[in-house]
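One structure below.
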């Protein structure tokens, strides 16, 4: 019996996976991307990793012609990594994923992309449920910060590159979708989760906390820029603390 829940025809679809020092996590996501026949291109963008991430990406690319590896010579931030991936494809539909996802399956990817392929949404946001309490809570409180998206590529034309700097990409994308009246649909990714930053071994607890503080500072700064709320003192404050 055919699976009528999945479209039989589709436009070109490209996955973009930004990575930075993810040697402990990225192999699982690469395996799922390899197993997902819906994808036409899989663009892996390493953002200046200092560990073995690039070697793992290249090994994956050697076994699947859809894979393409792009390397930044130094860390430029997630937003610029995604823009580098977008510049390498003309696909009208994009899949964006974090590189450290756990328990992801091809079915989750199909669920993220189907509403965009079927013209029921311009963008989907993938929300964790039932995988890990901490990441479930984060997605319940701030769903607009999820890195798991399916979207029409043209939406990226409306994003402020300044706002998307560092970890501001997701909020810049969410604000742009709202400002331009793009239809957004939430998709539950049951069982999916990723390690919390403060508990990652390579950072240590305090290193993880500092990283999270910097990330949220960049997110707040991105919101001010994207929303065109021009408060010079506030902008200067968030700009300063994002450098820590």
Q.
Name the single residue that is modelled with the highest pLDDT among those in region 24-33 being over 15 Å from residue 85 (Cβ atoms) and crowded, with 17+ Cβ neighbours inside 10 Å.
A. 32
Q | Flag for residue 73 being at pLDDT 95 or above, touching a strand residue (DSSP E or B) at 6+ places or on another chain (Cβ under 9 Å) and surrounded by fewer than 16 Cβ atoms within 10 Å (Cβ to Cβ) | A | no
Q: Among the residues of region 94-107, write down those that are more than 20 Å from residue 160 (Cβ to Cβ) and crowded, with 22+ Cβ neighbours inside 10 Å.
A: 95, 97, 99, 101, 104
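Conditions tested, residue by residue: (1) within 26 Å of residue 182 (Cα to Cα); (2) within 17 Å of the chain's Cα centre (by Cα).
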site	(1), (2)
19	no, yes
114	yes, no
119	yes, no
124	yes, yes
Q: Tally the residues that are without any contact (Cβ under 8 Å) to a residue 60 or more places away in the chain and on the phi > 0 side of the Ramachandran plot, restricting the search to region 15-56.
A: 1
Q. What single numbered condition from (1) surrounded by 20 or more Cβ atoms within 10 Å (Cβ to Cβ); (2) within 14 Å of the chain's Cα centre (by Cα); (3) farther than 24 Å from residue 45 by Cβ fails to hold for residue 143?
A. (1)
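Residues checked against (1) surrounded by fewer than 17 Cβ atoms within 10 Å (Cβ to Cβ); (2) under 23 Å from residue 68 (Cβ atoms):
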position	(1), (2)
87	yes, yes
111	no, no
118	yes, no
121	no, no
(Q) Exactly one of these conditions fails for residue 59: (1) surrounded by fewer than 19 Cβ atoms within 10 Å (Cβ to Cβ); (2) in contact with a strand residue (DSSP E or B) (Cβ under 7 Å, 6 or more places away or on another chain). Give me its number. (A) (2)
Q) Would it be correct to say that residue 172 is surrounded by 20 or more Cβ atoms within 10 Å (Cβ to Cβ) and either free of Cβ contacts under 8 Å to residues at least 60 places away in the same chain or not in a helix (DSSP H, G or I) (or both)? A) no
Q: Those residues that are out of contact with any strand residue (DSSP E or B) (no Cβ under 6 Å at 6 or more places or on another chain), without any contact (Cβ under 8 Å) to a residue 24 or more places away in the chain and either assigned to a helix (DSSP H, G or I) or under 18 Å from residue 95 (Cβ atoms) (or both), I need them from region 128-147; list them, please.
A: 133, 137, 138, 140, 141
Q. Restricting attention to region 158-172, does a residue exist that is touching a strand residue (DSSP E or B) at 6+ places or on another chain (Cβ under 7 Å) and under 23 Å from residue 19 (Cβ atoms)?
A. no
**Q.** Residues of region 76-99 classified as modelled with pLDDT of 95 or more, out of contact with any strand residue (DSSP E or B) (no Cβ under 6 Å at 6 or more places or on another chain), under 27 Å from residue 196 (Cβ atoms) and part of a loop (DSSP other than H, G, I, E, B), total
**A.** 1
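When you scan region 100-127, how many residues do you find that are within 20 Å of residue 145 (Cα to Cα) and out of contact with any strand residue (DSSP E or B) (no Cβ under 7 Å at 6 or more places or on another chain)?
Residues that pass the stated criteria total 3.
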Q) Quick one: residue 150 ticks every box in (1) modelled with pLDDT of 95 or more; (2) under 18 Å from residue 17 (Cβ atoms); (3) touching a strand residue (DSSP E or B) at 6+ places or on another chain (Cβ under 9 Å); (4) part of a helix (DSSP H, G or I) bar one, so which box is it? A) (4)
Q.
With the requirement that a residue be farther than 18 Å from residue 13 by Cβ and either at pLDDT below 95 or not in a loop (DSSP other than H, G, I, E, B) (or both), what does region 34-59 give you?
A. 46, 53, 54, 55, 56, 57, 58, 59
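The values are calculated or read from the model by the stated rules, or taken from the named source; none is laboratory data. Treat the numbers as computed from the prediction; the structure is a model and nothing was measured. Using ideal geometry, Cβ is built from the backbone for each residue, glycine included, and neighbour counts are taken over all protein chains shown.
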